[in-house]
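I have placed the structure first, in the form of structure tokens, so that the comments after it can refer back to it.
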Amino acid sequence: MANGTTRKKGASSKNAMKAARSSVVSKKGTPWGTIIAVVAIVVLAASVVTYYMVASAPKREQKTREEAAAAFAPSQQDPDPSKRIAGVTTATYEGSVHVSAAERVAYDKTPPFGGPHDQAWAACNGVVYEKAVRNENMVHGLEHGAVWIAYNPAQISGDALELLRVRVEGKPYTVMSPYPNLDKPISVQSWGHQLKLDSASDERIDQFIAALRTNPYGAYPERDATCDAQIEPGDFDPTPPGPDAKPMDYKGSAGTQPDQPGAGQPSAPATQPSAPASK
């Protein structure tokens, strides 16, 4: 009997210890707060990485395009690499011929890429204009070595528009604007050069920019002129130039200021308001 009682007491003690340990474990519980915090941090980190990858993709892709187009950079041996780009149209224009802000020019090309122009230029230092800009202001920027990307707003939008924007925004001597009723979806201009295209993904856009933007081998008239501007450019006029428009062989309007390469923007004429360039 005594032995049996002892065994029962021993078993009871063991059971009590197991129960106590189980109670302690159950009181600790699962650390759900810590788990949730860790999961939240992981999800946030993943979201940040994903956002960065998506947001930076256009710029990374553009860098790749520019690297591929570097083969079209000008040199003494190859002063105008645009001659190797299919579809480029060229013309010879005299520089430094100015009209006033109230005058129009009967340009021989659409969009124009040379000829008489306003004495003040539209900012062309990586500006993306949201509305169409007066031809005479845009052409002056080309005279300074800029490349102008014009697009038909009825044909280019969404991803295609962003693909053009990433080539221009923040880039020196580059400017972009809509051009209503353009005969092609896209037209790229530098002084004396033009390339019309159907697709924003066309690699020739980057080749054109590499070949002609501030090309130092005589591709544009005014070396060392700035693309910063202190005036609001005029609005685009979609109507045909009237009989009083200045011809392409015009010699310049009295009272307009001569170009001053490298000296910055000339004072704005009284007919044009002084304001930051619209974007």
Not counting ligands, DNA or RNA, and with a 1.4 Å probe, what is residue 136's accessible surface area in Å² rounded to the nearest 10? 10
Need one word for segment 154-196: rounded, prolate or oblate. Basis is the Cα gyration tensor (sqrt eigenvalues a ≥ b ≥ c); a/c below 1.5 gives rounded, then a/b vs b/c decides. oblate
Potential lengthening between residue 237 and residue 76 on full extension [0.36 nm per residue; Cα-Cα distance subtracted]: 54.0 nm
Overall Cα dimensions of segment 34-254, principal axis frame, Å, largest first: 79, 41, 31
In nm, to one decimal, how far is the residue 41 label point from the residue 183 one, both placed 7 Å along Cα→Cβ? 6.4
How many percent of the accessible area of segment 34-254 is carbon or sulfur, using a 1.4 Å probe? 56
Using Cα pairs under 8 angstrom and six or more residues apart, how large is the relative contact order of segment 34-254, in percent? 29
Along Cα→Cβ, 7 Å out, is where each label goes; now give me the distance between the ones at residue 169 and residue 154 in nm to one decimal. 2.7
Straight-line reach check, residue 184, cutoff 18 Å on alpha carbons, 8 or more apart in-chain or any other chain, hits among aspartates and glutamates -> 108, 159, 162, 198, 202, 203, 206
Under 18 Å from a label point 7 Å along Cα→Cβ of residue 59: give me every residue in segment 110-139 with its amide N that close. 126-128
With a cut-off of 18 Å, note down the residues of segment 116-148 whose backbone N falls inside the zone around a label point 7 Å from the Cα of residue 110 toward its beta carbon. 132-139
Chain lengthening between residue 89 and residue 66 when straightened (0.36 nm per residue, less Cα-Cα): 6.1 nm
Please go through the residue pairs 83/196; 59/171; 63/171; 83/246 and name each one whose alpha carbons sit more than 19 Å apart in this structure. 83/246
To the nearest 10 square angstrom, how much accessible area does residue 110 have with a 1.4 angstrom probe? 80
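The values are calculated or read from the model by the stated rules, or taken from the named source; none is laboratory data. Since we're looking at a predicted model, the values are computed, not measured. So basically every Cβ, Gly included, is an ideal-geometry build from the backbone, and we count neighbours across all protein chains shown. All accessible areas refer to the heavy atoms of the entire protein, side chains included, with ligands and DNA or RNA removed. Shrake-Rupley method; radii C 1.70, N 1.55, O 1.52, S 1.80 Å.
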